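Derivation of every value follows stated rules applied to the coordinates shown; laboratory data play no part. All figures in this text were calculated on a predicted structure; none of them were measured in a lab. Heads up, the Cβs are rebuilt from the backbone with ideal geometry, glycines too, and the neighbour counts pull from every protein chain shown.
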Amino acid sequence: MLKLYYAPGACSTASHIGLEESGAKYESQALSFASNEQKTPEYLRINPRGRVPALVIDEGTIVENTAILDYVAARYAPALMPSDPVQRARAISLMAWFSNNVHPAFTHISRPERFTDDPSIFDKLREKGRANFWAALQEIDGLIGSKPWVLGDQFSVVDGYALVFYGWGKRINLPVEELKNYTAWKDRMLARPAVRRVLEREKNVLVAA
Ligand SMILES: N[C@@H](CCC(=O)N[C@@H](CS)C(=O)NCC(=O)O)C(=O)O
């Protein structure tokens, strides 16, 4: 049993890319946020937090991109995570930063009501989120530098995660094309058949244009 629950264009694209790159045989089910499918009793039985991604395996359910990606690599495609302990720690460190910092910066823009009950300050939260998110994209651009992949010479599950934020930046009209390293890397990502399959399946903004 290997089934991914995702929502097109959400952070679950990271796990979707990781699975597709791993070559594992998996099922997938898209949930529509517009129809609030992540909050149905049926889905809440899979992930009581009502979030995607969720990966159902024989032993139960794994949530959180960082855990799903580490599991997928360990179980199906070890080359997708560094084997060296220091490099592996760096990979997890980066994914933790994506999850704890970069993603929540964007959530301030898309869901300010998560951070305050006072609608009069939604715009302030959106503005601060946008500044923080843009600073994070610039930091990722610097981290990539002249390397072919986020961690260095080897493509990893971290790359799929980093692609989510480039797409989100484009979606909210941040000037992502100004980020030369991140943009050149994004083009290398789009040249990977597995990445393209996922983006096309999800009708992602990066292939729709
Ligand atoms: N840190 C979690 C974040 C999960 C998360 O917040 N997912 C969002 C989509 S990007 C979600 O399911 N949102 C649905 C909702 O908020 O109702 C992860 O990386 O898996």
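Mind counting lysine pairs for me in the chain? Cα separation below 13 Å, and the two need to be 8 or more apart along the chain or on different chains. Write down the numbers at each step before the final one.
Details: K3/K25; K147/K180; K147/K186; K170/K186.
Lysine pair count for the chain: 4.
Please list the helices of the chain that count as membrane-span-like by this rule: a mean Kyte-Doolittle hydropathy of at least 0.0 together with Cα atoms stretching 24 Å or more along the helix axis, each helix being a complete DSSP H run.
Values: long enough: 122-144 (33 Å, -0.35).
In the chain, no H run is both long and hydrophobic enough.
Please arrange I17, I46, I121 by counting, for each residue, the other beta carbons lying within 10 Å of its beta carbon, fewest first. Working shown, then result.
Working: I17 26, I46 20, I121 13.
Ascending number of Cβ neighbours within 10 Å: I121, I46, I17.
What percent antiparallel are the DSSP beta bridges of the chain, to the nearest 5? Mind showing how you got there, number by number?
Details: 9 of 13 bridges.
Bridges in the chain are about 70 percent antiparallel.
Among DSSP bridges having both ends in the range 2-79, what percentage is antiparallel? Round to the nearest 5.
65 percent
When the expected Rg is taken as 2.2 N^0.38 Å, what fraction or multiple of it is the alpha-carbon Rg of the chain? Provide the component values of the computation, followed by the final result.
Working: Rg = 16.7 Å, N = 209, 2.2 N^0.38 = 16.8 Å.
It is 1.00.
Please list, in chain and number order, the residues 5+ apart from S28 or on another chain whose amide H is under 5 Å from its amide H, with Hs placed from the backbone.
Those qualifying (amide H under 5 Å, at least 5 residues apart or on another chain) are L4.
Please arrange W97, W168 by how many other C-beta atoms lie within 10 Å of their C-beta, fewest to most.
Ranking W97, W168 by Cβ neighbours within 10 Å, fewest first, gives W97, W168.
Which length gain, in nm to one decimal place, applies between Q87 and W149 when the Cα-Cα distance is subtracted from 0.36 nm times their residue separation?
Numbers: separation 62, 0.36 × 62 = 22.32 nm, distance 1.34 nm.
Extra length available between Q87 and W149 comes to 21.0 nm.
For A54, enumerate residues with amide H under 5 Å from its amide H, sequence gap 5+ or separate chain, H modeled in the peptide plane.
Y5
Find the relative contact order for the chain and round it to a whole percent, using C-alpha pairs within less than 8 Å whose residues are 6+ positions apart. Display every interim value, and only then the final one.
Numbers: 273 pairs, mean separation 47.7, N = 209.
23 percent.
What is the set of long-range amide H partners of S12 at a cut-off below 5 Å, with H atoms built 1.01 Å from backbone N?
Those lying under 5 Å, H to H, from S12 are A7.
Hey, what does the equivalent ellipsoid look like for the range 82-192, semi-axes from the Cα gyration tensor as sqrt of 5 times each eigenvalue, largest first, whole Å? Before the final figure, lay out each step's value.
Details: eigenvalues 154, 53, 20 Å².
For the range 82-192, the semi-axes come out at 28, 16, 10 Å.
Rounded to the nearest 0.05, what FRET efficiency is calculated for R114 and N173 with R0 set to 25 Å and r the Cβ-Cβ distance? Spell out each step's value before the answer.
Numbers: r = 22 Å, r/R0 = 0.88.
Step by step, r from the Cβ atoms, then E = 0.70.
For a quick check: sort E21, E42, E64 by the number of other beta carbons within 10 angstrom, fewest at the front.
Values: E21 26, E42 7, E64 18.
Listed from fewest to most nearby Cβ atoms, that is E42, E64, E21.
Please list 3J(HN,Hα) in residue order for the range 41-50, calculated via the Karplus relation 6.51 cos²θ - 1.76 cosθ + 1.60 where θ = phi - 60°; whole Hz, with x for glycine and proline.
Using θ = phi - 60°, the values come out as x, 4, 6, 5, 6, 7, 9, x, 7, x Hz.
When you take every Cα atom in the range 2-79, what is the radius of gyration, and what is Dmax, the widest Cα pair distance, in Å?
Answer for the range 2-79, Rg first and Dmax second: 11.8, 37 Å.
Can you grab the distance from the C-alpha centre of the range 71-100 to the C-alpha centre of the range 121-172, Å, no decimals?
So the separation of the two Cα centres works out to 18 Å.
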